[in-house]
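Q: Here it is, the structure in full.
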Amino acid sequence: MKKNQHYRQIYTQLLLTLFFSVAIGVQNTCIAATNSVKQDSTKYHHFKGKVIDSKTKKPLVFASISVNETNISTVTNTQGMFLLKVPEELANQKVTVSFLGYTSKVLSLSDFNPKKTIIKLETYIEELPEINIITKDANLLVKEVFKKTGVNYFTENITMTAFYRETIKKRRTYVSLAEAVVEIQKQSYTSTKTDLVKLYKSRKNSNYKKMDTLAVKLKGGPFNTLSIDVMKYPELTFTEEMLKNYDFSFGTSTKIDNRPIYVVNFKPKPAILTPLYYGKLYIDAKTLALTSAQFKLNLTNRKRATKVFILKKPKTADVYPIEATYRVDYREKNGKWVYSYSRIQLGFKVNWHKRLFNSVYYTTIEMAITDWKNNTSKTNIKPKDRLRKSVIMSEKASNFSDPEFWGAYNVIEPEKSIETAIKKIQKQLKKLNR
């Protein structure tokens, strides 16, 4: 019993806590004032583009675009599109475009097309030679990755700027959309202190009228995306004790940023009944640093999996998860690695006791680090300014009426479906303001 309680506590911290509560009121479209910081008067250039596979022409999803000799970066969306904003003095700087399994490409921003640049990456296929005895045993390799945390990851505190997006869909229709730019006080990877978050700027829209009688709320906001930084928080995923519950095996090696990468597959041992993860770990062959982790939660045991997520639900409905997918990426700078992007995608089905049809909700949250600097002054965010881990972003202020809302901040380029949703929101707000 104590072991089950321990796992329940871990999952509640890591995965998300959802409130499925009865909605009161109708459409909620707030246009209140927004938390923000004053941006400087620096002029910025915008660069749009799309990253694709050179042969298939398919978009490369979550490819990284980094401005060389700076910490400015962004990622492509699920359609391979990106928007990069750089200060005017960096308009001729070079950028590196990279994607797991492809050869990276370095381009000059001065060569970008004013409207949209198509960037084609070549696939990389090459078997890696064995380096030492560790690489013959996938289990030993993974243990070594976590032993080298203090060597491979930043041990200084870092101040990060990040873009966070949270969406909830009822089947294919968006019913809630929240976005924010936040400051993160990223604590040392060897410290037990948790990261701190401050809200710079945010906007949201929730249309409860389209949610049946349910209001789906996500508890945790940006902290959920930070929690799957498995190198900072191994106690939530891969402690030495938890590693004993997994089987590890080697997959086909690959490459990212022109660096050879070992691929390790993992899955729960057959005898484990508690919902655990299965997926892939991407490990730098030279340093044995984890560069990316992509995994899912085993939802075979519906009853146990439901207890992981659902905090509150109506008595007249059964709610259970149908999808739980996770991804975290790291970026290297001067021989040290640090968190750069994470994404969580969950699906839930609601079966009503006295209805013929069920409801299906999908929620996606993602956060990308768009800039960072060493926190040499070792200052922390003041307690009164800190975002709480219990925050519900969809209840924060909004301002969808302004198409230039984000100003100079780098954001994840919205997908076409999200762009359409934003345009609808803006039209609604214009009507309300007439």
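Q: Tell me the residue from Arg343, Arg331 that is in contact with a strand residue (DSSP E or B) (Cβ under 7 Å, 6 or more places away or on another chain) and either surrounded by fewer than 21 Cβ atoms within 10 Å (Cβ to Cβ) or β-branched (Val, Ile, Thr) (or both), please.
A: After applying the criteria, what remains is Arg331.
Q: So which of Val51, Val95, Val75 is modelled with pLDDT of 55 or more, within 25 Å of Ala178 (Cα to Cα) and open to solvent by less than 40 Å² (accessible area, probe 1.4 Å)?
A: Only one candidate passes the filter, namely Val75.
Q: Can you name every residue in region 292-326 that is within 30 Å of Ile261 (Cα to Cα), in a loop (DSSP other than H, G, I, E, B) and in contact (Cβ under 8 Å) with a residue 40 or more places away in the chain? Step through it out loud before you land on a result.
A: Restricting attention to region 292-326, the residues satisfying the condition of being within 30 Å of Ile261 (Cα to Cα) are 292-299, 323-326.
Filter once more, so that each one left must be in a loop (DSSP other than H, G, I, E, B): 298-299.
If the condition is that a residue be within 30 Å of Ile261 (Cα to Cα), in a loop (DSSP other than H, G, I, E, B) and in contact (Cβ under 8 Å) with a residue 40 or more places away in the chain, then no residue fits.
Q: For the list (1) at pLDDT 85 or above; (2) more than 26 Å from Phe238 (Cβ to Cβ), I need the number of the one condition that Tyr339 fails.
A: Here Tyr339 clears every test but (2).
Q: Something else: Which residue pairs have Cβ atoms under 6 Å apart, sit 6 or more places apart or on different chains, and have a first residue in region 327-341 that is among the acidic types (Asp, Glu) and a second that is open to solvent by less than 40 Å² (accessible area, probe 1.4 Å)?
A: Filtered contacts from region 327-341: Asp329/Ser292; Asp329/Ser340; Asp329/Tyr341.
Q: Contact list please: Cβ distance under 6 Å, first residue in region 352-378 and within 16 Å of Thr316 (Cα to Cα), second residue among the charged types (D, E, K, R) and open to solvent by less than 100 Å² (accessible area, probe 1.4 Å), pairs at least six apart or on different chains.
A: If the second residue must be among the charged types (D, E, K, R) and open to solvent by less than 100 Å² (accessible area, probe 1.4 Å), the pairs left are Asn358/Lys349; Ser359/Asp212; Val360/Lys349.
Q: Please name all residue pairs, on different chains or six or more residues apart, with Cβ atoms under 6 Å, provided the first residue is in region 112-140 and is closer than 30 Å to Asp247 by Cβ and the second residue is modelled with pLDDT under 80.
A: Filtered contacts from region 112-140: Leu140/Ile134.
Q: Next question, about the same structure. Applying the selection to region 237-263, what residues are closer than 16 Å to Asp329 by Cα, more than 21 Å from the chain's Cα centre (by Cα) and either open to solvent by less than 30 Å² (accessible area, probe 1.4 Å) or aromatic (Phe, Trp, Tyr) (or both)?
A: Thr254, Ile261, Tyr262
The values are calculated or read from the model by the stated rules, or taken from the named source; none is laboratory data. The structure presented is a predicted model; accordingly, all values stated were derived computationally and were not measured. Virtual Cβ from ideal backbone geometry, glycine too; neighbours counted across all protein chains shown. For accessibility, only protein heavy atoms count, side chains too; no ligands or nucleic acids. Shrake-Rupley method; radii C 1.70, N 1.55, O 1.52, S 1.80 Å.
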